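Before any comments, here is the structure.
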Amino acid sequence: MSDGNPRPVRPVGIVLLCSIAVAAAILFPGVAAPAWYSLIPPLLAVLLALITHRVLLSLGLAVLVGGLLQHVPAAPTDLTAWASGFRQAGVFGGNSIARWNDQQELVIEWDNVKIMAFVMAMMATIMVTVVSGGLQAIVQRFARWARGVRSTQTATALAGLVIFVDDYANSMLVGHSMRPLTDRHRISREKLAFLVDATSAPIAGLALVSTWIGFEVALFQQQADALQLGYDGYTLFLHALPFRFYCLFVIVFIFANALSGKDFGPMATAERRARRGDLTAAAGVATPPLEPEGSARRYAASGVIPLLGLFLALVTALWLDVFGFHRLWEEPAGFVSGTSWREVLLAKKDLGRALASAGGVSFLLALICGTTLARVPIRRLIRAAVRGAQASLLPAVILLLAWSLKNVCDTLQTGDFLGAVVGDSVPALWFPTVVFVVAGATAFATGTSWTTMLILIPVATPLAFRLDGCSYGLVTAITLAAVLDGAIFGDHCSPISDTTILSSAASGCDHIQHVRTQAPYAVLVAILALVCGYIPAAWGVPAGWLLLGGTAGIVSLFLWLKPLDNPSTTTENRRLAPNSRRSDSAAEIPTNRD
């Protein structure tokens, strides 16, 4: 994601908008914390990003306004308060990497550092596999089956299903691996980013083995113990699974969309443009164009081994983080034991370390395969790795700013304010629906689904429990699902979400274009999840019938839509215009603007 092809910045208008936001907080400060103006920084970031298309500027100004709101409303005429506000904005940014604790000791935010290291390692790995010809060989294998727009989109969606262990790994792997093939068939970068993003968090959130389930189960376990529900956290997760309407409908929507080859709204505009040869509407995240080394022996193994190594290293790191090497040495069979993996899922794990370690292993395997299988000089591979690392700097900066804005939201208690909207006055039959909407709004404003779950599950679960007559019943089970799904829905629509940022980066798509084209699809599926899911489910309609009804609705929509092009004109036989941009080489990552 970049500020490629941004709209002209009008400094006066931006300063005026920020001033109005601060003035509103001063004039209407509220009577208790969390105050209403805790919503201003995230909403300002979203509004500015959509208006200016400048993500860095938007996030930076939102963090600055957040710093001012921390001090100025209480003492608007005190210059010291204003100075403290500006200083606080810098603190919010610095706390994303390191912070001082109560004992004045410097504490490094290793989780964030490790995630950035993972992104850098993955970008470097992908560039090495491009130069060694491994990525091209993989794409050529896919190309035997993916011969058109629909089959290529379906292959991309299937690849998203395969990488189910982690959403970050899903975004980086699928986006980079499938981009050359989608470029060849003139599928827009916006569509690729949507397929990548829409199969990352929903798949990881539903999978019985993933980096998400431990976090979700831990939150459920806390409520099971506090309310004495009589079930463990994993059982509550399984009970909620049939009611995960948004995630399940998103998966159905993806495949119906891919198989039909039909689109609507901003995505249809992007796809029509791509058919003419313009793959993206803006400069986007341009991973430097590289081609395989001329003398490289192009084996698919040069690309498969590093990617498979990433998956195995991630799974192994998660297991070792819980049991250690001594357990693996004494009891090797425990690695494939269902009992041990249940403990892994329920344990608190160092996800950042697992991701960084897996990224390092994948990078080393890419270098080894490049030198031994492809016979590419190590100097050429190192230069490619450096270019990949350089390409990761912009996503890293945007991630830092997004984390800084999260610090703002945590300090101003944005999530607590939205959580307070959910009260005892909501009728039981409408409670899961309200929770889904509030969870979506919270994730949209904060840019993080995990924080939304962390905030709302302790708030919503006891309320649902009371609405069920102080017993574990249908409303409680649906509410648990509504929190998880609402968080993922808001995450899909938020331009400050980390997975949205990574999906844009991996797909080479302008970040704001990705948000603009994906949001209508996500909103449509959310409405369907409410109408055909949470509302009737709370009235007692079986989940299975609701899933069938929602699926039928999605399929009917794509049967009703008109094709983007004349049915007699296919991508396979259409001739390119002389000035069209294309990617004849499957391993080439084309530039977006001539």
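The values are calculated or read from the model by the stated rules, or taken from the named source; none is laboratory data. The shown structure was predicted, so the numbers you read here are calculated from the model rather than taken from an experiment. FYI the Cβ positions are ideal-geometry reconstructions off the backbone, even for glycines, and counts take in every protein chain you see.
Residue check: residue 517 meets all listed conditions (1) farther than 17 Å from residue 272 by Cα; (2) in a helix (DSSP H, G or I) but one, namely (1). A single entry from 533, 544, 553 fulfils the requirement of being of a type outside the set (A, V, I, L, M, F, W, C), loosely packed, with under 11 Cβ neighbours inside 10 Å, at pLDDT 85 or above and not in a loop (DSSP other than H, G, I, E, B): 544.
Would you say residue 229 is surrounded by fewer than 17 Cβ atoms within 10 Å (Cβ to Cβ) and out of contact with any helix residue (DSSP H, G or I) (no Cβ under 6 Å at 6 or more places or on another chain)? No, not satisfied.
Residues are listed down the side, and each one gets a yes or a no for (1) closer than 27 Å to residue 516 by Cβ; (2) at pLDDT 75 or above; (3) touching a strand residue (DSSP E or B) at 6+ places or on another chain (Cβ under 9 Å):
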site: 23; (1), (2), (3): no, yes, no
site: 28; (1), (2), (3): no, no, no
site: 45; (1), (2), (3): yes, yes, no
site: 52; (1), (2), (3): yes, no, no
site: 62; (1), (2), (3): yes, yes, no
site: 68; (1), (2), (3): no, yes, no
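Of the set (1) at pLDDT below 75; (2) part of a helix (DSSP H, G or I), all apply to residue 368 but (1). Looking at residue 283, is it of a type in the set (Gly, Ala, Ser) and either surrounded by 20 or more Cβ atoms within 10 Å (Cβ to Cβ) or modelled with pLDDT of 70 or more (or both)? So residue 283 fails the test.
For the range 145-175, residues that are part of a helix (DSSP H, G or I), under 14 Å from residue 506 (Cβ atoms) and modelled with pLDDT under 75 total 6. When the range 456-489 is filtered for residues that are under 19 Å from the mean Cα position of the chain (by Cα) and at pLDDT below 80, nothing remains.
Just one residue in the set 431, 444 is under 17 Å from residue 537 (Cβ atoms), surrounded by 24 or more Cβ atoms within 10 Å (Cβ to Cβ) and touching a residue at least 40 places away in the same chain (Cβ under 8 Å); that residue is 431.
Check the range 290-303 and report whether any residue there is out of contact with any Ser or Thr (no Cβ under 6 Å at 6 or more places or on another chain), part of a helix (DSSP H, G or I), more than 17 Å from residue 160 (Cα to Cα) and at pLDDT below 90. Yes: one or more hits. State which residue is farthest from residue 492 (Cα to Cα) when the search covers only the range 235-280 and only residues that are at pLDDT below 90 and of a type in the set (D, E, K, R). Here the residue is 276.
Figure legend. Inter-residue proximity from the range 366-389: first residues assigned by TED's automatic domain parsing to the domain that holds residue 126 and at positive phi, second residues buried (at least 20 other Cβ atoms within 10 Å of the Cβ) and modelled with pLDDT under 90, beta-carbon distance below 8 Å, spacing 6+ or different chains. Indicated pairs: 375/296. For the range 461-474, the criterion of being under 26 Å from residue 255 (Cα atoms) and either among the charged types (D, E, K, R) or in contact (Cβ under 8 Å) with a residue 60 or more places away in the chain (or both) is satisfied by no residue at all.
So which residues in the range 504-517 are modelled with pLDDT under 85 and either among the hydroxyl-bearing types (Ser, Thr, Tyr) or surrounded by fewer than 24 Cβ atoms within 10 Å (Cβ to Cβ) (or both), if there are any at all? The one that is modelled with pLDDT under 85 and either among the hydroxyl-bearing types (Ser, Thr, Tyr) or surrounded by fewer than 24 Cβ atoms within 10 Å (Cβ to Cβ) (or both): 507.
Residues of the range 452-473 that are surrounded by 17 or more Cβ atoms within 10 Å (Cβ to Cβ) and of a type in the set (A, V, I, L, M): 453, 455, 456, 457, 459, 460, 463, 464, 467.
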